[in-house]
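Student: The structure under discussion is supplied below as structure tokens; questions concerning it will follow.
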Amino acid sequence: MAANQTSAQTVEVHDAKVLQWARDLLDQCSSPRMMQREVIQAVERNEIWRGEECLNLLAPEAPTSPTVRKLLSAEVGTRAAEGHIGPTERWFAGTKYIDEIEALCVELLKRVFRCNYADHRLVASMLGNMTVYAALTKPGDHVMTISQPFGGHSSNRVDGPAGIRGLQIHDVPMDPVELEVDLDQFAEAARRIKPRLVSLGASMTLFPLPVREMSQIVSEWGGRIFFDGAHQLGLIGGGQFQDPLQEGACILTGSAGKTFSGPQSGIIVWNDPELTRPVTDAIFPALAATHQVNRVAALAASAAEFLAYGNEYMAQIVANAQALGKALSDRGFAVLGAHKGFTRTHQIILDVRAYGGGLKVAQELAKANIITNKNLIPCDKPEDWDYPSGLRIGTTEVTRLGMKEAEMETIADLFVSVLEGQEKPEQTRQRVVEMRRAYQKIHYCFD
Ligand SMILES: *Cc1c(COP(=O)(O)O)cnc(C)c1O
């Protein structure tokens, strides 16, 4: 059947209307050149809207510096390089400068994360987590991971890499008010289950986790702690969060494009030499071949920025998140963790049931060019995925654009305008565009 036909048998996960829009548009194009122009124009529309006119408060996003962005389109991104760094470890000749770029990246990452080993070849942190499960577990092993209503991520659950590995997955008991691991319940459950691995991975993350205490408990039977720091990676590197490797976790993975503010991809770091073989054997030749050397160059450049600016930048992200949490709470919003100072990360979590739930609120805010996301919170069940009660807000991008605590008050006022119905979202949008106009430059970089 031709690709542009549909029938009752078509199984397509994407939204049918949007795909139809694309088919119609391509049908109207008089040549492939016109089709390419449509692609470029869609990119430009996004660049103007999200890049210049929105308050981007999505927690997993971060703007990269001009240098990092430029390196992403570098010539080296057309070169083939697979294997380990060095003349005999590669399949292809011609990699002498690629070896230099990759070695610089590895050594820069070790400096940022104060660790003995780092790998630079993961094109996503999902693959970092798959690496950990491949290296440290066998199918059928028992593991404990955080469930989604408490911030857990699919990569450590049955529908992600942990599930694909065929692991028996149990929940890490969490305290719904303190938003922390319930250590007593954890000790009881863990001593009963004796998991080979406990994964601490949270996409909703407000407070540090008791890594030291948990690793002492699992060491009773030779279990290990793996910290999936996708979100907190930059905060960890910048010394503004707990340091999981120092506290007993055996491996830290993370997303380079979240708080770390580098190119979207994965980082994995560890200290134990006995893990080097299993981890790197899982990376190459299992989960990475062509690992995008342009991306590696951009990652190395962002690590250098981090050495210079990481502490100051990450400290301001947390200060802004705390200020925004307080400003929203002062205006009557239900902010999770209010009794503990709102947050110790880049995130603020609202319970927005009073405003129609997370989906509705995120859509209303987006009409005003304020970009956030709906989120499960502890009162939700995993199946509430489409219509959860919470809203997640992150301060990484607004911080890198130079905003400080005073601007968080303005942002909280904009939330009130949209959600208390004081004006139409379209009217608020004009004020957002004007506010954003003054913040276009990327800070905390050498450019
Ligand atoms: C975002 C996220 C991931 C996946 O990271 P990618 O770099 O997007 O592949 C894994 N774990 C957690 C906890 C996350 O939040």
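Student: Of all helices (runs of 4 or more DSSP H) completely enclosed by region 382-438, which ones contain at least 1 residues that are assigned by TED's automatic domain parsing to the domain that holds Ala319, farther than 26 Å from Pro66 by Cβ and open to solvent by 10 Å² or more (accessible area, probe 1.4 Å)?
Tutor: Working: elements: 396-400, 405-419, 425-437.
Output list reads 405-419, 425-437.
Student: Got a number for residues in region 304-335 being closer than 17 Å to Gln232 by Cβ and either aliphatic (A, V, I, L, M) or touching a Lys or Arg at 6+ places or on another chain (Cβ under 6 Å) (or both)?
Tutor: So the answer is 6.
Student: So, of the residues in region 176-196 that are closer than 15 Å to His142 by Cα and not in a helix (DSSP H, G or I), which turns out to be least open to solvent (accessible area, probe 1.4 Å)?
Tutor: Result: Pro195.
Student: Now for a separate question. Kindly provide the set of residues from region 391-408 that are in contact (Cβ under 8 Å) with a residue 60 or more places away in the chain and either among the aromatic types (Phe, Trp, Tyr) or in contact with a strand residue (DSSP E or B) (Cβ under 7 Å, 6 or more places away or on another chain) (or both), ordered by number.
Tutor: Selection gives Arg392, Ile393, Gly394, Glu397, Val398.
Student: Now for a different question. With respect to Glu100, is the statement that it is over 22 Å from Ile236 (Cα atoms), open to solvent by 30 Å² or more (accessible area, probe 1.4 Å) and in contact with a Gly (Cβ under 6 Å, 6 or more places away or on another chain) true?
Tutor: Judged against the criteria, Glu100 is not a match.
Student: Quick one: is Tyr313 of a type in the set (Ser, Thr, Tyr), over 19 Å from the mean Cα position of the chain (by Cα) and not in a strand (DSSP E or B)? I'd like the intermediate steps shown before the answer.
Tutor: Details: of a type in the set (Ser, Thr, Tyr): yes; over 19 Å from the mean Cα position of the chain (by Cα): no; not in a strand (DSSP E or B): yes.
The answer is no for Tyr313.
Student: How about region 334-357: which of its residues are among the hydrophobic types (A, V, I, L, M, F, W, C) and either assigned to a helix (DSSP H, G or I) or open to solvent by 10 Å² or more (accessible area, probe 1.4 Å) (or both)?
Tutor: Looking only at region 334-357, we keep the residues that are among the hydrophobic types (A, V, I, L, M, F, W, C), and these are 334-336, 338, 342, 348-350, 352, 354.
Ala334, Val335, Leu336, Ala338, Phe342, Ala354, listed by residue number.
Student: How many residues does region 358-375 hold that are open to solvent by 10 Å² or more (accessible area, probe 1.4 Å) and either in a loop (DSSP other than H, G, I, E, B) or within 23 Å of Arg436 (Cβ to Cβ) (or both)?
Tutor: Narrowing region 358-375 to residues open to solvent by 10 Å² or more (accessible area, probe 1.4 Å): 359-360, 362-364, 366-367, 371-375.
Now narrow it down to the ones that are either in a loop (DSSP other than H, G, I, E, B) or within 23 Å of Arg436 (Cβ to Cβ) (or both): 362-364, 366-367, 371-374.
Of the residues in region 358-375, 9 are open to solvent by 10 Å² or more (accessible area, probe 1.4 Å) and either in a loop (DSSP other than H, G, I, E, B) or within 23 Å of Arg436 (Cβ to Cβ) (or both).
Student: Give me the residue from region 135-175 that is within 16 Å of the ligand (Cβ to nearest atom) and charged (D, E, K, R) and, out of that set, most open to solvent (accessible area, probe 1.4 Å).
Tutor: Asp159
Student: While we're looking at this one, here's another question. Which count do you get for residues in region 65-75 that are open to solvent by 20 Å² or more (accessible area, probe 1.4 Å) and among the β-branched types (Val, Ile, Thr)?
Tutor: Taking region 65-75 first, the residues open to solvent by 20 Å² or more (accessible area, probe 1.4 Å) are 66-67, 69-75.
Right, trim to among the β-branched types (Val, Ile, Thr) and you get 67.
Matching residues across region 65-75 total 1.
Student: Continuing with this model, one more query. Could you check region 296-330 and list, in sequence order, the residues that are open to solvent by 10 Å² or more (accessible area, probe 1.4 Å), without any contact (Cβ under 8 Å) to a residue 24 or more places away in the chain and among the small types (Gly, Ala, Ser)?
Tutor: The one that is open to solvent by 10 Å² or more (accessible area, probe 1.4 Å), without any contact (Cβ under 8 Å) to a residue 24 or more places away in the chain and among the small types (Gly, Ala, Ser): Ser329.
The values are calculated or read from the model by the stated rules, or taken from the named source; none is laboratory data. Remember, it's a predicted structure, so these values are computed and weren't measured experimentally. As a convention, Cβ positions derive from the backbone with ideal geometry for all residues, glycine included, and neighbour counts pool all protein chains shown. Surface areas here come from the heavy atoms of the whole protein model, side chains and all, with no ligands, DNA or RNA. Shrake-Rupley method; radii C 1.70, N 1.55, O 1.52, S 1.80 Å.
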